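Since every read-out is calculated from the coordinates, none of them should be taken as a lab result. Being a predicted model, the structure only gives us computed values, none of them experimental. Note: ideal-geometry Cβ built from the backbone for every residue, glycine included; neighbour counts use all protein chains shown.
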Amino acid sequence: MSRTALVTGGTRGIGKAISVHLKQAGYQVAANYGGNDEAAKAFTDETGIMAVKFDVADYAAVGEGLATITAELGPVDIVVNNAGVTRDAPFHRMTLEQWQQVIDIDLTSAFNVTRQVWDGMRERGFGRIVNISSINGQKGQFGQANYSAAKAGLIGFTKALAQEGAKKGITVNVVAPGYIDTEMVRAVPENVLEGIIATIPVGRLGKAEEIASMCAYLASEDAGFITGATMTVNGAQYIAG
């Protein structure tokens, strides 16, 4: 029986690419989504991948979603914590609501999901957790104190959890994308986008499939000796020391 993977925020953009890549790698995949039923239906019709609606910021809702996935596909062996939002504002204008929404969805969600699959992974002696951070969680970004804090938090979460899971066959890693060619990035004004690309040494935006490929490798049996690592996929735009 193939292993079961859950991708949060898995029906659009980078998450969709990860879901599809994991299915192609032979896993049973469930893609979580938060609100866009129409997009989720189109995703399932196109890919044949199960889409499960629940709020990753709500611990109880996550538990219910995981119960649905387990009943349909079996216990979750692989989690890609990809769900995220932005609520950008200069810090002197940032509201508590803007701060809390991003922390809840981009950071606390990783606890909500991982905590509820962790015991099963320990019992079975296998698990793969991949947390999707960001170049801006590594270097910071103007107007994104909330987002940068959440994405940096995922890196610290990963480093600690990797040490706890290692002897139980559970690896925990980070993928930190740079600017990726998604619908969201393409919505940036052309002159701004050109300026961003000019700062990327490889001279282009990344592809969602390049992030997905890295996630699929980290989820594989071959990556069993890689844990606590942060994989930067940013075209050398930022090289962490």
Part-to-part distance (alpha-carbon centres) for segment 1-67 and segment 159-198, which is given in Å
18
Identify all lysines with a Cα-Cα distance to K16 below 19 Å; exclude those on the same chain that are fewer than 8 residues away in sequence.
K41, K53, K207
Label-point gap, in nm, between S2 and D181 - each point 7 angstrom along Cα→Cβ:
2.7
Formal net charge of residues neighbouring V85 (Cβ-Cβ distance under 15 Å; K, R +1; D, E -1)
-4
Quick check: from the Cα gyration tensor, does segment 120-241 come out rounded (a/c under 1.5), prolate or oblate?
prolate
Set of aspartates and glutamates with alpha-carbon distance to K151 below 19 Å, sequence-local pairs under 8 removed:
D55, D58, D88, E97, D104, D106
Of L107, L205, L96, the most mobile residue in a GNM of the chain (C-alpha springs, cutoff 10 Å) is L96
To make sure I understand, if each residue's beta carbon is the centre and we count other beta carbons within 10 Å, what order do S2, S134, S213, S19 fall in, fewest to most?
S2, S213, S134, S19
Residues of segment 173-196 with amide nitrogen under 19 Å from the 7 Å Cα-to-Cβ point of V202?
174-186, 193-196
Would you calculate the separation in nanometres between label points at E190 and E64, each defined as 7 Å from the Cα along the Cα-to-beta-carbon direction?
4.6
Placing one identical point scatterer on every Cα of segment 46-176 and ignoring solvent, what is log10 I(q)/I(0) from the Debye formula at q = 0.11 Å⁻¹?
-0.42
Reviewing (1) 38, 24, 13; (2) 27, 20, 19; (3) 32, 19, 16, the figure for semi-axes √(5λ) of the Cα gyration tensor in Å actually calculated from this model sits under (2)
Calculate the FRET efficiency for Q100 and E164 from the Cβ-Cβ distance with a Förster distance of 25 Å, rounded to the nearest 0.05.
0.40
